[in-house]
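Shown next, in structure tokens, is the structure this report addresses.
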Amino acid sequence: MIRFDDVSVRYEGAGRPTLAGVDLTVPEGELVLLVGPSGVGKSTLLGAVSGLVPHFTGGTLTGRVTVDGRDTRTHKPRELADLVGTVGQDPLAHFVTDTVEDELAYGMESLGLAPDVMRRRVEETLDLLGLAGLRDRPIATLSGGQQQRVAIGSVLTPHPRVLVLDEPTSALDPAAAEEVLAVLQRLVHDLGTTVLMAEHRLERVVQYADRVVLLPSPGAPPVMGAPADIMAVSPVHPPVVALGRLADWEPLPLSVRDARRRAGGLRDRLADVAPGHPAPDAPGAPADPLPPRTAPSRSALARLFRRAPHEAPAPDPATGGPGGTPAAQAERLGVRRGRVEALRRVTLTVRAGETVALMGRNGAGKSTLLGALVGMVEPTSGTVLTGGLAPHRTPPREMVRRVGLVPQEPRDLLYADTVAAECAAADADAGAEPGSCRALVSELLPGVADDTHPRDLSEGQRLALALALVLTAPPPLLLLDEPTRGLDYAAKARLVGVLRALAAEGHAIVLATHDVELAAELAHRVVILADGEVVADGPTAEVVVSSPAFSPQTAKILAPQEWLTVSQVRAALEGGA
């Protein structure tokens, strides 16, 4: 169905080709997963299938890419629209209408389908993706995850024979991700649709793949094979594979179910050992499959920021967690947006040195709560204080010294033409020594050149750059909205290291995330929201282990024992368990 013949892609000004010598054949009716570190060319390879590369992205494509016999060099994307459906990393760039139902119908209108066919397919897609309750909603009012489902739905309605998906579950909560993956499986198995998908959250998707294509490094030829064979050698792999490698399981399990069947002996070895949950002020070791030695030391981080660190708070004797003055407080906070009650009676306290993960399904109110803490959203009822001030009544120049927000869309913070210019502006705005921001970029994004344009970075790389800009003047309270969207495991490890060190220096961190593995690795507390209300608030181990939806893979495999991460298991085994 899809064939690459000696394909290379080089962008103008790049020192080396992004893709080189790619020879691949993707069979019809299979789900093929594309994996590899950030920046190796996965999005470029997907774009070559849809015709976006080089017709819209520029650059030079040599060789030949054909989809069902059509050469993408001579067929522009609009000439492939009846054959190939594409969803990129940024759903906002995908929309052309204002409401959910209109967006689902637009692609079929462009192809001239009959009205009765369009109506039937819209209804089918609304049900498939759980969007029926949102059919009349303006797209601009949806959460990021809801927008992602609409974007996927809009390419499903024309019934393309090939689906090209770039990080399709990155903004989805675990339940919504399972629903989308179930739909994709149904399309593959029942209709013979060919799906080519790039995804960093391998713990969600690798067990569904028929084949895996590994791009090991920029310009290196891809390796294609059975999922278990590729995962055995891949530098990026999910926790279930990391645990299998640690326990020497053969063949490697790809799903929690397969791993649980083999985990009896490992559970016996760990039965008399208590899991060592890392303290919030200890950098600790990142969980496998994250590479070692990625967390900077406290002194190294202080050097990066060129300032004396905050004093880490003493533990609260009642909870064992950080004590001291609250960095943020909400008391019976309510927020209404039109007819939607986004938050209802939310009470939350975040203290210095504490890392709190906000979790919950798409549209639960996580981003709204972050907006209220930073002053972008005005409360309808109740109170919110950040650093002792009401954020919505405080001038932005004053609030920026107390709280920093890294939004879901990092491009909202990026305005300059090069990475160097962005860093210079961040140093000037923060009053930091020249080079402070660049040092952080080097920590989070090793190998990115100064003259790189932010738009030429991958989604995950742009997010890391935006994080570095905010951290150049690290505020007492740091808010992150889906901070691992688009990040590979190595980049996630570097982020975990920096955030742990920040918490150790006394900074409070609140992150809204669907990444259960990140919460297990990093968070001191987990707060779960549902329909704008807090339904759970407690220590990470207690909250996530008791929740099937938000439990990490290691916890599911080793239950009822309360192990959260592979690094905990490794430490126990190395200690003689």
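Between helix 144-156 and the chain, what is the angle of the helix's C-alpha long axis to the longest principal axis, kept within 0 to 90° and rounded to the nearest 10?
10
In a shell of Cβ-Cβ distance under 13 Å around Gly334, excluding Gly334 itself, what net charge do Lys and Arg (+1) and Asp and Glu (-1) give? Don't skip to the end; give the middle numbers.
Values: positive: Arg332, Arg336, Arg337, Arg344, Arg345; negative: Glu331, Glu341, Glu378, Asp531, Glu533.
After counting each charged neighbour, the total is 0.
Going 7 Å from the Cα of Thr97 in the Cα-to-Cβ direction, what parts of region 148-190 have a backbone nitrogen less than 12 Å from that spot?
154-155, 157-158
Among the DSSP beta bridges whose two residues both lie in the chain, what percent are antiparallel, rounded to the nearest 5?
On the way: 39 of 73 bridges.
So the antiparallel bridges amount to about 55 percent of the total.
Please identify every one of the trypsin sites (Lys or Arg not before Pro) in region 368-433 that sits in a loop by DSSP and has no more than 15 other beta carbons within 10 Å of its own beta carbon. List each step's numbers first, then the result.
Numbers: sites: Arg393, Arg397, Arg401, Arg402, Arg411; in loops: Arg401, Arg402.
Answer by residue number: Arg401.
Need one value: the accessible area of Lys556 in square angstrom, 1.4 angstrom probe, rounded to the nearest 10.
Here the accessible area works out near 80 Å².
Please get the size of the charge dipole for the chain, origin at its Cα centre, with Cβ charges of +1 on Lys and Arg and -1 on Asp and Glu, quoted in debye to the nearest 20. Could the numbers behind the result be given before it?
Numbers: 56 positive and 70 negative charges, 141 e Å.
It works out to roughly 680 debye.
Any idea what the relative contact order of region 336-417 is, in percent, if you count C-alpha pairs under 8 Å spaced at least 6 apart? The partial results should precede the final answer.
On the way: 52 pairs, mean separation 17.2, N = 82.
That works out to 21 percent.
How high is the FRET efficiency between Glu79 and Ala14 when r is their beta carbon distance and R₀ equals 22 Å, given to the nearest 0.05?
On the way: r = 27 Å, r/R0 = 1.24.
The computed FRET efficiency comes out at 0.20.
For the chain, with every protein chain kept in place, what is the accessible area per residue (1.4 Å probe, Å²)? Intermediate results must be reported in sequence, preceding the final value.
Details: 23110 Å² over 577 residues.
That works out to 40 Å² per residue.
Taking all protein chains in place and a 1.4 Å probe, what share, in percent, of the accessible surface of the chain do carbon and sulfur account for? Don't skip to the end; give the middle numbers.
Details: 11610 of 23110 Å².
Carbon plus sulfur share of accessible area: 50 percent.
Give the relative contact order (percent, whole number) for the chain; include only Cα pairs under 8 Å separated by 6+ residues. All intermediate terms of the calculation are to be shown ahead of the outcome.
Values: 1219 pairs, mean separation 90.7, N = 577.
Relative CO of the chain lands at 16 percent.
Tally Lys/Arg at +1 and Asp/Glu at -1 over every other residue whose Cβ is under 13 Å from the Cβ of Ala171; what's the total? Numbers along the way, then the final one.
Working: positive: Arg149, Arg201, Arg204, Arg361, Lys366, Arg485; negative: Asp90, Asp166, Glu167, Asp173, Glu199, Glu409, Glu459, Asp481, Glu482, Asp515.
Cβ neighbours under 13 Å give a net charge of -4.
Please list, ordered by chain and number, the residues whose modelled amide H lies under 5 Å from the amide H of Asp488; skip anything fewer than 5 residues away on the same chain.
Under 5 Å from the amide H of Asp488 lie the amide H atoms of Ser38, each far enough along the sequence or on another chain.
Within 10 Å, count the other beta carbons around each residue, average over each peptide in 165-173, 221-229, 565-573, and list them highest first. Write out the running numbers ahead of the final one.
On the way: 165-173: 25.2, 221-229: 17.0, 565-573: 22.1.
Per-residue Cβ counts within 10 Å, averaged per peptide and sorted highest first, yield 165-173, 565-573, 221-229.
Ignoring ligands and nucleic acids, what accessible area does Asp412 show with a 1.4 Å probe (Å², nearest 10)?
Surface accessible to solvent at Asp412 totals approximately 80 Å².
Using 0.36 nm per residue, how much length does the chain from His392 to Ala559 gain when fully extended, once their Cα-Cα distance is taken away?
On the way: separation 167, 0.36 × 167 = 60.12 nm, distance 4.39 nm.
Extending this stretch completely gives an extra 55.7 nm.
For the chain, find the longest principal axis of its Cα atoms and tell me its angle to the long axis of helix 115-128, 0 to 90°, nearest 10.
Result, in degrees: 40.
Any chance you could run the full-extension gain for Gln185 through Thr25? It's 0.36 nm times the residue separation minus the Cα-Cα distance, nm to one decimal.
Working: separation 160, 0.36 × 160 = 57.60 nm, distance 2.00 nm.
Stretched out fully, the Gln185 to Thr25 stretch lengthens by 55.6 nm.
For a Förster distance of 30 Å, can you work out the FRET efficiency between the beta-carbons of Arg269 and Thr349, rounded to the nearest 0.05?
Numbers: r = 39 Å, r/R0 = 1.31.
It comes out at approximately 0.15.
Using unit Cβ charges (K, R positive; D, E negative) and no other charged atoms, how large, in debye to the nearest 20, is the dipole of region 459-577 about its Cα centre?
Details: 8 positive and 14 negative charges, 72 e Å.
Roughly 340 debye for region 459-577.
Count neighbours as other Cβ atoms within 10 Å of each site's Cβ, and list the GluC sites (Glu not before Pro) in region 1-100 that are DSSP loop with at most 10 such neighbours.
Passing both the DSSP loop test and the Cβ count: Glu12.
Kindly rank 109-121, 339-351 from highest to lowest mean number of other beta carbons found within 10 Å of each residue.
On the way: 109-121: 12.8, 339-351: 18.6.
My ranking of the peptides, most packed first, is 339-351, 109-121.
As a test of the formula, what do you get for the chain when each DSSP H run with n ≥ 4 contributes -39,500 (n - 2.57) and the sum is divided by the residue count, at 222 nm and rounded to the nearest 500 deg cm²/dmol?
Details: 23 runs with 205 residues, N = 577.
Mean residue ellipticity at 222 nm (helix-derived): -10000 deg cm²/dmol.
Where does each of His189, His524 land when they are ordered by accessible area, with a 1.4 Å probe and the largest first? Let's see the in-between values first.
Working: His189 120, His524 45 Å².
Sorted descending by solvent-accessible area, the residues read His189, His524.
Around Tyr208, under 15 Å between beta carbons, what's the net of Lys plus Arg minus Asp minus Glu among the other residues?
Values: positive: Arg186, Arg201, Arg204, Arg211, Arg257; negative: Glu30, Glu178, Glu179, Asp190, Glu199, Glu203, Asp210, Asp258.
Neighbourhood net charge equals -3.
What FRET efficiency would be calculated for the residue pair Phe56, Arg332, taking the C-beta separation as r and a Förster radius of 56 Å, to the nearest 0.05? It would help to have the intermediate numbers written out before the result.
Details: r = 49 Å, r/R0 = 0.87.
Efficiency computed from Cβ-Cβ geometry: 0.70.
Among DSSP beta bridges lying fully in region 131-249, give the percent that are antiparallel, nearest 5. Please report the intermediate quantities before stating the final value.
Details: 3 of 8 bridges.
For region 131-249, the DSSP antiparallel bridge percentage is about 40.
Treating the angle as unsigned and between 0 and 90°, give the value, to the nearest 10°, between the Cα long axis of helix 174-191 and the longest Cα principal axis of the chain.
Helix 174-191 sits at roughly 10 degrees to that axis.
The values are calculated or read from the model by the stated rules, or taken from the named source; none is laboratory data. Computed from a predicted structure; not experimentally measured. A quick note on method: Cβ atoms are made from the backbone with ideal geometry, for glycine too, and the neighbour counts reach across all protein chains shown. The protein model used for the area step is the full one, side chains on, heavy atoms only, and it has no ligands, DNA or RNA in it. Shrake-Rupley method; radii C 1.70, N 1.55, O 1.52, S 1.80 Å.
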